[in-house]
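Enquirer: Got a structure here, written out as structure tokens. Questions coming.
The values are calculated or read from the model by the stated rules, or taken from the named source; none is laboratory data. Everything quoted here is computed from the prediction, not taken from an experiment. Every residue, glycine as well, gets a Cβ built from its backbone with ideal geometry; the counts of neighbours run over all protein chains shown. These accessible areas exclude ligands, DNA and RNA; they are computed on the full protein's heavy atoms, side chains included. Shrake-Rupley method; radii C 1.70, N 1.55, O 1.52, S 1.80 Å.
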Amino acid sequence: MLSASVPGIALAANRVSAGDLSAARAQMGFSLAWHIVIACLGVGLPALTLLAEWWGIRTGSPSHQLLARRWARAMGVLFAVGAVSGTILSFEMGLLWPGLMGRFGQVIGLPFALEGIAFFIEAIFLGIYLYAWDRLPPRRHLLTGIPIVIAGTASAFFVVCANAWMNQPRGFTLRDGKVVDVDPWAAMLNPASWPQTVHMILAAFMVASFLTASVYAVALLRGRRDTYHRAGFVIPFTLGAAVTPFQILVGDWAARFLADYQPAKLAAIEGVYTTGSHVPLTIGGIAGDDGLKYGLEVPNGLSLLVGYSPDTVVKGLDRVPRGQWPAVTGVHWAFDLMVSIGFFLLAMGLWLLWAWWRRRRMGGELPFNRLFLMLAAVSGPAAVVALESGWCVTELGRQPWIVWGVMSVRDAVNPAPGLMAGLWLVLVVYAAMTVATVYVLRRMTRGTPVPQAPQEEDVSRYPVV
């Protein structure tokens, strides 16, 4: 375990009250939970927009062209909102956790700096893409959108690298309690970076895809079966369905990574209290002092998943001091919920594939029956729940450490009193941003006439709010 190889930092006793510590954790958790949804849309929606625009250019479909224009406008709004919530987060990192940023800012500063560069590239090309739509030839305009997708994905990569460092701190040496021999590249490209970043980026595409598709699934349920709404559903749902199997494989990779590098987190995820072989896979259950109870056990399941053999030894919480245990029930349930939703989305993708195969054999349109569309409408919010659950597993599973095995959350928090006031202020700000964002997006979807048939040629003259 890293905590055995890297000596922890001995800090003076932090006299923060329990209430202020809880307020700081709640504020950071709420801000991240809110921002991460907008950030995922910022990563995935540009790709969906380019797909719709490319299809519109290729086929001359006015419905696809209108879809691209509408999604581009939504993309601009969400980018602005994400920039605001991201700025709030950057202030919170310094204000709430000076112990972390003051001591390790030189170590994890590189990914934040690179994320800033990616952000500016994304902003520049987003401006070009939005305002040069009717000023550039269509194919050239399409090309201006590609840097947005690349920069958005790179931005997610750099930010998650910083979080991965908090799970696997590398690139520095602690000497007499001081941080020396800093190697920012080794810190950024730590062992957790690849499984965590790939898992997060795929999650971003899934959330953006299924959430967008769910909006059009509702419209299809209401009888709007025109080309515009069918395309608005099929494009994002197909992308989400295509990404889901890879996400499940990457999730398995990430879990095996935990077995090697963060066995305490894996033990909390699976509710493993005692180290040993032939460890079952437990679904559900409630954590007690001596084990996980009332869960559904699959004999040898966890040992088989971790090492492909029932003889594989899985480290349990008995190897971790009791005071360093995460909240086992919460982490375990969040993981079960994430996995369950992942397989639900996989089943929906297979259903779409089967429907497509039937259409190829029998001809006609995709048979969107009511049950499929109702479940598809649920898939968007479900993908968001899976995203938040996965993030809870990552963050709660690391507790009580803010830098795993090196610095505790209590040692990093701002010792100044009054952090509860900041929590209430942030809740008010985010409530206002939520209302404003939803209002603007709803106005944009309702303010433009929709073509009723693909042969309509005058869509380019339709005003786009």
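Enquirer: Hey, among the residues in segment 154-176 that are among the aliphatic types (A, V, I, L, M) and assigned to a helix (DSSP H, G or I), which one's nearest to residue 412 (Cα to Cα)?
Expert: 166
Enquirer: Moving to a separate point now. Where residues in segment 284-308 are among the β-branched types (Val, Ile, Thr) and farther than 20 Å from residue 325 by Cα, which of them is most open to solvent (accessible area, probe 1.4 Å)?
Expert: 298
Enquirer: Confirm whether residue 151 is hydrophobic (A, V, I, L, M, F, W, C), over 30 Å from residue 406 (Cα atoms), surrounded by fewer than 18 Cβ atoms within 10 Å (Cβ to Cβ) and at pLDDT 90 or above.
Expert: Against the criterion (hydrophobic (A, V, I, L, M, F, W, C), over 30 Å from residue 406 (Cα atoms), surrounded by fewer than 18 Cβ atoms within 10 Å (Cβ to Cβ) and at pLDDT 90 or above), residue 151 does not qualify.
Enquirer: Can I ask one more? Of the conditions (1) in contact with a Cys (Cβ under 9 Å, 6 or more places away or on another chain); (2) of a type in the set (A, V, I, L, M, F, W, C); (3) modelled with pLDDT under 90, residue 354 fails just one. Which one is it?
Expert: (1)
Enquirer: Next question, about the same structure. Got a number for residues in segment 115-141 being among the aliphatic types (A, V, I, L, M) and open to solvent by less than 30 Å² (accessible area, probe 1.4 Å)?
Expert: Residues that pass the stated criteria total 3.
Enquirer: Being free of Cβ contacts under 8 Å to residues at least 60 places away in the same chain and touching a Leu at 6+ places or on another chain (Cβ under 6 Å) narrows it down to one residue among 180, 243, 198; which is it?
Expert: After ruling out the rest, the residue left standing is 243.
Enquirer: Kindly indicate whether residue 436 is at pLDDT 90 or above, open to solvent by 20 Å² or more (accessible area, probe 1.4 Å), over 21 Å from the mean Cα position of the chain (by Cα) and of a type outside the set (Val, Ile, Thr).
Expert: yes
Enquirer: Taking residue 269, is it hydrophobic (A, V, I, L, M, F, W, C) and in contact with a His (Cβ under 7 Å, 6 or more places away or on another chain)?
Expert: Answer is yes for this residue.
Enquirer: Please state which of the following conditions residue 317 fails to meet, knowing it meets all the rest: (1) hydrophobic (A, V, I, L, M, F, W, C); (2) without any contact (Cβ under 8 Å) to a residue 60 or more places away in the chain; (3) over 21 Å from residue 169 (Cβ atoms); (4) open to solvent by 20 Å² or more (accessible area, probe 1.4 Å).
Expert: Looking at each condition in turn, residue 317 falls short on (4).
Enquirer: All but one of (1) touching a helix residue (DSSP H, G or I) at 6+ places or on another chain (Cβ under 7 Å); (2) open to solvent by 40 Å² or more (accessible area, probe 1.4 Å); (3) within 30 Å of residue 197 (Cβ to Cβ) hold for residue 420; which doesn't?
Expert: Failed condition: (3).
Enquirer: Cβ-Cβ distance below 6 Å, separation of 6 or more or different chains: which pairs start in segment 27-40 with a residue that is more than 15 Å from residue 209 (Cβ to Cβ) and open to solvent by 30 Å² or more (accessible area, probe 1.4 Å) and end on one that is among the aromatic types (Phe, Trp, Tyr) and at pLDDT below 90?
Expert: So the pair list comes out empty.
Enquirer: Which members of segment 10-36 meet the condition of being at pLDDT 80 or above and not in a helix (DSSP H, G or I)?
Expert: Across segment 10-36, the qualifying residue is only 17.
This table checks each residue for (1) out of contact with any Lys or Arg (no Cβ under 9 Å at 6 or more places or on another chain); (2) part of a loop (DSSP other than H, G, I, E, B); (3) at pLDDT 90 or above.
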| position | (1), (2), (3) |
| --- | --- |
| 265 | no, no, yes |
| 269 | yes, no, yes |
| 273 | yes, yes, yes |
| 279 | yes, yes, yes |
| 290 | yes, yes, no |
| 303 | yes, no, yes |
| 306 | no, no, no |
| 310 | yes, yes, yes |
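Enquirer: Which residues, taken from segment 236-277, are among the small types (Gly, Ala, Ser) and surrounded by 15 or more Cβ atoms within 10 Å (Cβ to Cβ)?
Expert: Of everything in segment 236-277, those that are among the small types (Gly, Ala, Ser) and surrounded by 15 or more Cβ atoms within 10 Å (Cβ to Cβ) turn out to be 240, 241, 242, 251, 254, 255, 259, 264, 267, 268, 271.
Enquirer: Quick one: in segment 73-103, of everything that is over 21 Å from the mean Cα position of the chain (by Cα) and small (Gly, Ala, Ser), which residue is most open to solvent (accessible area, probe 1.4 Å)?
Expert: 102
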